[in-house]
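Student: Let me give you the structure first, and then I'll get to my questions.
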Amino acid sequence: MIRSLLKWPGGKSRVMPELLSHLPKAGCLVEPFVGGASVFLNTDYRRYILADINPDLIRLYREVKSNPELVIDLARPLFASGNSKEEYLQNRRIFNGTKGLLDVARAALFLYLNRHGYNGVVRYNQSGGYNVPFGQHKTAPYFPEAEIRQFAEKANDTKAIFLCSSFQNTLKVMVGTDEAIYCDPPYLPASDTANFTQYHTEPFTEKHHRQLAAELLEVNRKYDTPVVISNSDTETTREIYHRFRLHEIDVQRSVSTDASNRQKAKEVIGTLGIVEGCPAGGCE
């Protein structure tokens with residue numbers, strides 16, 4: 001299993017074996033919600049179109065693809081001296097407040113903030129300011145040097161395209177005849193107190209899910225494009241995505257900063273227009 005270079009809420013590494021069995025064969029995989037990119041890293045499509053509405057995330061991936069060694073050189077000293085609240089807040093101020101910062105420098109700072117922030121959360125205020133608090137790590141966070149190089153190699157080998165785009169625009173513009181779609185949108189809350197539904201600076205609401213489901217159905221109808229989605233297993237999920245074939249899975253989720261405090265959560269993998277899955281390890 002190739003690990004993401006980021007800590008990412010809802011990352012797919014724990015469900016990859018189940019997910020691989022449902023991903024379809026295609027020449028190109030389109031991901032409108034690329035997130036931590038675990039699916040990209042652990043499948044074998046010839047081409048990838050990887051999109052997200054978060055410009056900081058897409059900037060990081062583009063810079064890692066183009067300038068992996070420079071990203072490493074800029075991020076290493078941040079990791080070496082940045083495991084304190086004071087250093088974290090100072091670096092967050094630089095990230096939020098410095099105009100004209102080079103893209104590669106912003107990318108290195110985003111990687112640092114993600115790894116040093118609270119529990120891997122990625123969150124912004126309505127003005128677009130990164131506002132995740134310091135994570136209070138007992139030991140220095142892991143510096144993902146090897147993962148940066150692995151990501152760059154995979155991105156260049158597959159000529160991966162990274163788009164800063166809403167799911168609506170990604171689905172309208174990028175879907176063709178030899179593509180499959182995998183969608184991992186922000187999850188519908190599994191309880192009244194759960195809230196993991198942020199879509200960059202705005203909430204990702206039930207209305208967005210209904211729009212996503214409708215657009216995926218339309219793409220499948222027009223182009224016969226196979227579609228896979230992931231989400232929490234709730235009554236609302238099942239109602240919105242009722243036209244999909246839903247497969248239940250159990251996932252171990254951390255419910256606090258204590259990684260040993262985990263509980264099983266129900267999720268679903270939904271498929272549309274898929275006759276057979278690809279073999280373990282990805283698709284040709």
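The numbers here are math on the coordinates, done by the rules we state, and not lab data. Not measured: the values here are computed from a predicted model. Cβ: placed from backbone, ideal geometry, glycine included. Neighbour counts: every protein chain shown.
Student: Rounded to the nearest 5, what % of DSSP beta bridges with both residues in the chain are antiparallel? Provide the component values of the computation, followed by the final result.
Tutor: On the way: 20 of 34 bridges.
Bridges in the chain that DSSP calls antiparallel: roughly 60 percent.
Student: Report the local net charge at residue 184: Lys and Arg +1, Asp and Glu -1, summed over other residues whose C-beta lies under 10 Å from its C-beta. Walk me through the numbers before you get to the answer.
Tutor: Details: positive: 12; negative: 31.
Cβ neighbours under 10 Å give a net charge of 0.
Student: How high is the relative contact order of region 63-145, given as a whole-number percent (alpha carbon pairs under 8 Å, six or more residues apart)? Don't skip to the end; give the middle numbers.
Tutor: Details: 78 pairs, mean separation 28.0, N = 83.
Relative CO of region 63-145 lands at 34 percent.
Student: What length, rounded to one decimal in nm, is gained on full extension from residue 248 through to residue 166, with 0.36 nm per residue of separation minus their alpha-carbon distance?
Tutor: Working: separation 82, 0.36 × 82 = 29.52 nm, distance 2.75 nm.
This chain segment gains 26.8 nm when fully extended.
Student: Could you pull out the trypsin sites (Lys or Arg not before Pro) across region 129-188 that fall in loop regions by DSSP (anything but H, G, I, E, B) with no more than 11 other Cβ atoms inside 10 Å? Please report the intermediate quantities before stating the final value.
Tutor: On the way: sites: 138, 149, 154, 159, 172; in loops: 138, 159.
Loop-located and lightly packed - 138, 159.
Student: Tilt of helix 145-157 relative to the longest C-alpha principal axis of the chain, in degrees (0 to 90, nearest 10)?
Tutor: Approximately 40 degrees, to the nearest 10.
Student: Go ahead and run the numbers for FRET between residue 238 and residue 102, Cβ-Cβ distance against an R0 of 41 Å, rounding to 0.05.
Tutor: Working: r = 46 Å, r/R0 = 1.13.
Given R0 = 41 Å and the Cβ-Cβ separation, E is 0.30.
Student: Using the number of other C-beta atoms within 10 angstrom as an exposure proxy, rank 1, 16 with the fewest first.
Tutor: Numbers: 1 9, 16 19.
With the fewest neighbours first, 1, 16 line up as 1, 16.
Student: May I ask you to derive the relative contact order of the chain, considering only C-alpha pairs under 8 Å and at least 6 residues apart, and to give it as an integer percent? Before the final figure, lay out the partial values.
Tutor: Details: 502 pairs, mean separation 76.7, N = 284.
That works out to 27 percent.
Student: In nanometres, what is the gap between the two model label sites at residue 157 and residue 87, each 7 Å from Cα along Cα-to-Cβ?
Tutor: So the label points at residue 157 and residue 87 sit 3.4 nm apart.
Student: Follow-up question, since we're still on this one. How large is the direction-averaged shadow of the alpha-carbon convex hull of the chain, in nm²?
Tutor: Working: hull surface 56.7 nm².
Projected over every direction and averaged, the Cα hull of the chain covers 14.2 nm².
Student: Given the Cα-Cα distance of residue 44 and residue 121 and 0.36 nm per residue of separation, how much length would full extension add, in nm? Walk me through the numbers on the way to the answer.
Tutor: Numbers: separation 77, 0.36 × 77 = 27.72 nm, distance 2.82 nm.
In short, 24.9 nm is gained.
Student: If packing is taken as the average count of other Cβ atoms within 10 Å, what order do 102-109, 58-65 fall into, highest mean first?
Tutor: The peptides rank, most packed first, as 58-65, 102-109.
Student: Does anyone have the angle between helix 55-66 and the longest principal axis of the chain? Alpha-carbon axes, 0 to 90°, nearest 10?
Tutor: Relative to the chain, helix 55-66 is tipped by roughly 80 degrees.
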